[in-house]
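K.L.:
This is the structure I have questions about; it appears just below.
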Amino acid sequence: MDPHSGPAGELVGEPPLPPRQRWRLVLARSPDAPELTGRELAEAWDKALEASGLPVHRAAGQARARVVWGAPLPSRMAAEREPAEILLTEAVPLWRVREALTAHMPDGWNLVDLHDVWLGAPALAGRVSGAVYRVTLDGGPGADAIQAAASGLLEARQLIRTRVKGGASVAYDLRPLLADIGVVGAGPAIVLRVETRVLPERGSGRPEEVVAALAERFGHSLSTASILRERLTITDEPG
């Protein structure tokens, strides 16, 4: 039997080259970026990496080059410093990686920074401990009243809310998932900075749930004009 053939005579490709370099990308996504499903986003990045000409690692049996994300980003949410990682089968200098990626970013994405990280470091997703969001409110009460209500959330011992899980409503405590909240801008619109935590046994805090809890605390309906993820909190973040 041909050593390069499978049991039924199917051709078997050469074994993939092992990864030799790991790059952590810091990416920004604009508010007007195309709204893509997870699969569509993966395909867009696969095409971008293919066009870049970089020696991107593909695992055996893997159809596309894998971009590893720190945490899922909702399809409609903009981001300022979103971490992702790729593996290369050759050691490539920083300037070449930057030029190759910058020239072939998917629509709506920009490369902010990149770091050559240790190949054997733990998975990126396992290092995420929280996130920081900037929430712009659409109207509502004054900044002082909002700040007072935000302080009330931080002073609360519990913030019991419900989530839909498996088709059923499940009660949970939002308070351990809320690290901080405060007013950071009070011009024509009120802007909040919301810091959430990721806890393995409890999940992650969501900014829209924090705004809903804030509205309940204040006793006044609140709507958001936009939510932007400023960054993820990563335990070994370079730089």
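K.L.:
Quick one: in the range 136-161, which of the residues that are of a type in the set (A, V, I, L, M) and touching a strand residue (DSSP E or B) at 6+ places or on another chain (Cβ under 8 Å) is surrounded by the fewest Cβ atoms within 10 Å (Cβ to Cβ)? Give the derivation first.
P.N.:
Residues of the range 136-161 of a type in the set (A, V, I, L, M): 137, 143, 145-146, 148-150, 153-154, 156, 159-160.
Now narrow it down to the ones that are touching a strand residue (DSSP E or B) at 6+ places or on another chain (Cβ under 8 Å): 137, 143, 146, 150, 153-154, 159-160.
Working: L137: 22, A143: 17, I146: 23, A150: 23, L153: 20, L154: 13, L159: 22, I160: 11.
Here the answer is I160.
K.L.:
If I filter the range 26-36 for residues that are assigned to a helix (DSSP H, G or I) and in the same structural domain as A91 (by TED's automatic domain parsing), do I get at least one hit?
P.N.:
Residues of the range 26-36 assigned to a helix (DSSP H, G or I): none.
Looking for residues that are assigned to a helix (DSSP H, G or I) and in the same structural domain as A91 (by TED's automatic domain parsing), one finds none in the range 26-36, hence no.
K.L.:
Which number in (1) surrounded by 15 or more Cβ atoms within 10 Å (Cβ to Cβ); (2) at pLDDT below 95; (3) of a type outside the set (A, V, I, L, M) marks the one condition that T235 misses?
P.N.:
Failing condition for T235: (1).
K.L.:
What number of residues within the range 120-135 are in contact with a Gly (Cβ under 8 Å, 6 or more places away or on another chain) and loosely packed, with under 14 Cβ neighbours inside 10 Å?
P.N.:
Final tally of qualifying residues: 0.
K.L.:
Return the total of residues in the range 186-206 being assigned to a strand (DSSP E or B) and touching a residue at least 40 places away in the same chain (Cβ under 8 Å). Reasoning before the result, please.
P.N.:
Filtering the range 186-206 for residues assigned to a strand (DSSP E or B) gives 186, 190-199, 203-204.
Among the residues that remain, those that are also touching a residue at least 40 places away in the same chain (Cβ under 8 Å) are: 186, 190-198, 204.
Summing the residues that are assigned to a strand (DSSP E or B) and touching a residue at least 40 places away in the same chain (Cβ under 8 Å) in the range 186-206 gives 11.
K.L.:
Can you tell me which residue within the range 175-223, out of those that are closer than 16 Å to T233 by Cβ and among the small types (G, A, S), is surrounded by the most Cβ atoms within 10 Å (Cβ to Cβ)? It would help to see each step written out before you state the result.
P.N.:
At the first step, the residues of the range 175-223 found to be closer than 16 Å to T233 by Cβ are 176-181, 193-200, 202-207, 210.
Retained after the next criterion (residues that are among the small types (G, A, S)): 179, 203-205.
Working: A179: 16, G203: 13, S204: 16, G205: 23.
Top of the filtered list is G205.
K.L.:
Can you tell me how many residues within the range 207-239 are charged (D, E, K, R) and without any contact (Cβ under 8 Å) to a residue 12 or more places away in the chain? Let's see the steps before the verdict.
P.N.:
Taking the range 207-239 and keeping what is charged (D, E, K, R), we get 208-209, 216-217, 229-231, 236-237.
If we keep only those that are without any contact (Cβ under 8 Å) to a residue 12 or more places away in the chain too, we end up with 216.
Here the count works out to 1.
K.L.:
Follow-up. Identify all residues within the range 13-37 that are among the aliphatic types (A, V, I, L, M) and in contact with a Pro (Cβ under 9 Å, 6 or more places away or on another chain); write none if there are none.
P.N.:
The answer is L17, L25, V26, L27, A33, L36.
K.L.:
For a quick check of your reading: which strands (runs of 3 or more DSSP E) sit entirely within the range 63-162 and have at least 3 residues that are closer than 30 Å to L174 by Cα and at pLDDT 95 or above?
P.N.:
Details: elements: 78-88, 109-117, 128-137.
Correct list: 78-88, 128-137.
K.L.:
Please enumerate the residues belonging to the range 157-172 that are under 15 Å from E216 (Cα atoms), without any contact (Cβ under 8 Å) to a residue 24 or more places away in the chain and of a type outside the set (V, I, T). I'd like the intermediate steps shown before the answer.
P.N.:
As a first pass, look at the range 157-172 and keep what is under 15 Å from E216 (Cα atoms): 158-162.
In the following step, the residues that additionally are without any contact (Cβ under 8 Å) to a residue 24 or more places away in the chain were identified as 158, 160, 162.
The answer is Q158, and nothing else.
K.L.:
Identify, by number, the condition in (1) touching an Asp or Glu at 6+ places or on another chain (Cβ under 6 Å); (2) in contact (Cβ under 8 Å) with a residue 60 or more places away in the chain; (3) not small (G, A, S) that D180 doesn't meet.
P.N.:
Here D180 clears every test but (2).
K.L.:
Mind checking which residues of the range 213-232 are out of contact with any Lys or Arg (no Cβ under 7 Å at 6 or more places or on another chain), over 17 Å from R76 (Cβ atoms) and modelled with pLDDT of 95 or more?
P.N.:
Within the range 213-232, the subset out of contact with any Lys or Arg (no Cβ under 7 Å at 6 or more places or on another chain) is 214-227, 229, 232.
Those left that are additionally over 17 Å from R76 (Cβ atoms): 214-222, 232.
If the condition is that a residue be out of contact with any Lys or Arg (no Cβ under 7 Å at 6 or more places or on another chain), over 17 Å from R76 (Cβ atoms) and modelled with pLDDT of 95 or more, then L232 is the only one that fits.
The values are calculated or read from the model by the stated rules, or taken from the named source; none is laboratory data. Bear in mind that the values here come from a model prediction, so they are computed numbers and not experimental data. Positions of Cβ are generated from backbone atoms using ideal geometry, with glycine treated the same way; all protein chains shown enter the neighbour counts.
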